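Read the structure below first, then the notes.
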Amino acid sequence: MTRFKSIFWLLAVIAALGLLAVFKHVGFHAAAAPSADQQSARRIVAVAQVMRGNLTRCVNFTAELEPYQDVNLFGKAAGYLKTINVDIGDQVRTGEVIATLDMSEQEAELAQARAAAEKARLDYERINGVAEKKPGLIAQQDIDNVRIANEEAKAHLQYAQVIVEYGRIVAPFSGVITKRFVDPGALIQSGISSDTQATPVVRLAENTLLRLRFPVPESIVPQVKRGLPVTVQVDSTGQILHSTIARLANKVDDATRTMNVEVDIANADRHLTPGMFGQVTLNLDTKQNVLTVPVQAVAGKEKPTVWVVNAQHHLEERAVTLGLQTPDSVEILSGVHEGEWVVFGSRSGLNPGATVEPKPMEITANP
C-alpha cells in the first residue's frame, strides 16, 4: 500500500511539472508577439521626411502701373490757341508740335528786332571800318558805343525769337495724349508765372516704359537693394513679368515706417495700360540644396525642436538650428539628417519615447 502511494505522488509531480512547462511556453510567446489589438493601440502620427531642396524667401505687394513720365503741357507765353494737332489717345514723338498759339504781336516785335539788329550791325561795321583805316579819326568812345548797341540789338533779336518760339507747344518726350483741356480760340495764360492760374493744353504720359511704386516695411529695408529681382503678375491679363528694383528712397518714412521702392517695366508694344494693378513679389533670399522640413514640423521660437520617429518607431525630441524660412518650409542647419522622419502638425498627447505608427504626408507648397 505504501509503495502504491509513492508511485501515485511521483506521477502527480511529473504531471504538474509538465503543465507548468506548457503554461510558461504559452506565456512567453504571448508576451513576445503583441496581439492585433495591441498593435492597433499605437498612435498614428503624420510625418514628413527631412529632404534637400531650394528655398526662396519672398514678400508680396500690390502696386499700380504708372507712366514713367506724366505731365501737363502749358503755354510758355500768353496767347489765343491757334491750332491743336492732337486728341486723347494719340501717340506723339519727342519734339512733335502739339499746338500753336496766335503770336501775331510777338511776330511783329520779332520783325522790328530783326530790323534793329541789322541796322546796329551795319553801323558798327561802318564805324569800325573807318577806325581801322584811319586810326584816331573817330573817338574810342564812339566806337565802343556802336559796338555795345550792336550787341544789345543782337540780344534783343534772340529774345524776340525765343518768345515767338514759345508759341509752339512741343512734346518733351514720346508718349500718349491722355487729356485735352482746351480747343482753338481759348486764351492760354503763361504757365511759367505763379501769379496766374494757367490752364494746361494737354496731358502727356509716357507709356512705353512704366513704373511700379510701392512701400516696403522697415523690417526688410536692409535686404532691399537696387537690382534685386522682382516678379510682377498683372491682375487683368495674368501676364508674369520679370524686372529688378530700379530705384529706392533710401529713407524710412517717419509716419508709416516704410520706404518707397520703384520698379521699371518695359512696355515697348504698349500691351500694358497705366492704371492696371500688379502683384509684386520680391525675392529677398535664395538658398540651394539645403536640408528642409515643413514649418509645421518645428515647435518653439527661442529653442526650436522637432520630434523624430526613429527606426524603432519611438519618438525622439531634438533641438534644431534653423536657417532661412519661407511660408511652407524651413532650413535646418543642425539637429536632423537627410531621410529622417519628423512629426508633422500637432504634438498633443504625444510624449518622447512613445511608440507610434508613422503615416507619411504628401506636402504641397503654397503657390
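Starting from the 7 Å offset along Cα-to-Cβ, what nm value, one decimal, do you get for the label separation of residue 140 and residue 257?
Distance between the two pseudo-spin positions: 7.6 nm.
Around residue 210, what is the net charge, scoring Lys/Arg as +1 and Asp/Glu as -1 over all other residues with Cβ under 11 Å from its Cβ?
-3
If r is the Cβ-Cβ distance from residue 283 to residue 346 and R0 is 30 Å, what FRET efficiency results, to the nearest 0.05?
0.40
Tally Lys and Arg at +1 and Asp and Glu at -1 over the other residues with C-beta under 11 Å from the C-beta of residue 315: what net charge comes out?
Combined, the nearby Lys, Arg, Asp and Glu give +1.
If we count other beta carbons within 10 Å of each Cβ, what is the order of 329, 334, fewest first?
334, 329
Can you put 219, 348 in order, fewest other beta carbons within 10 Å first?
Taking fewest neighbouring Cβ atoms as first place, the list is 348, 219.
In the chain, once you exclude exposed GluC sites (Glu not before Pro) (DSSP loop, at most 10 other Cβ within 10 angstrom), what's the longest stretch remaining?
Here the longest segment lacking exposed loop sites spans 1-301.
What is the sum of charges around residue 100, taking Lys and Arg as +1, Asp and Glu as -1, for the other residues whose C-beta is under 9 Å from the C-beta of residue 100?
Around residue 100, the charge tally is +1.
Can you put 282, 137 in order, fewest other beta carbons within 10 Å first?
Ordered from fewest to most neighbouring Cβ atoms within 10 Å, 282, 137 come out as 137, 282.
Against the empirical 2.2 N^0.38 Å scaling, what ratio does the C-alpha Rg of the chain come to?
2.17
Plugging the Kirkwood radius over Cα pairs into Stokes-Einstein for region 84-165, at a temperature of 20 °C and a viscosity of 1.002 mPa s, what D comes out in µm²/s?
This corresponds to a translational diffusion coefficient of 137 µm²/s.
If you average the C-alpha positions of region 153-216 and of region 242-289 separately, how far apart do those two centres end up, in angstrom?
30 Å
Could you give the length gained on full extension between residue 187 and residue 250, defined as 0.36 nm per residue of separation minus the Cα-Cα distance, in nm?
Roughly 18.3 nm would be gained on extension.
Rounded to the nearest 5, what is the percent of antiparallel bridges among the DSSP beta bridges in the chain?
Restricted to the chain, the bridges split so that about 95 percent are antiparallel.
Per 0.36 nm of contour for each residue apart, how much would the distance between residue 80 and residue 325 grow if the chain were fully extended, relative to their Cα-Cα spacing?
81.7 nm
Every number in this text was worked out from the coordinates using simple rules, so none of it is lab data. Since the model is a prediction, treat every value here as computed from it, not as a measurement. Because the Cβ atoms are built from the backbone with ideal geometry, glycine has one as well, and the counts that use them run over all protein chains shown.
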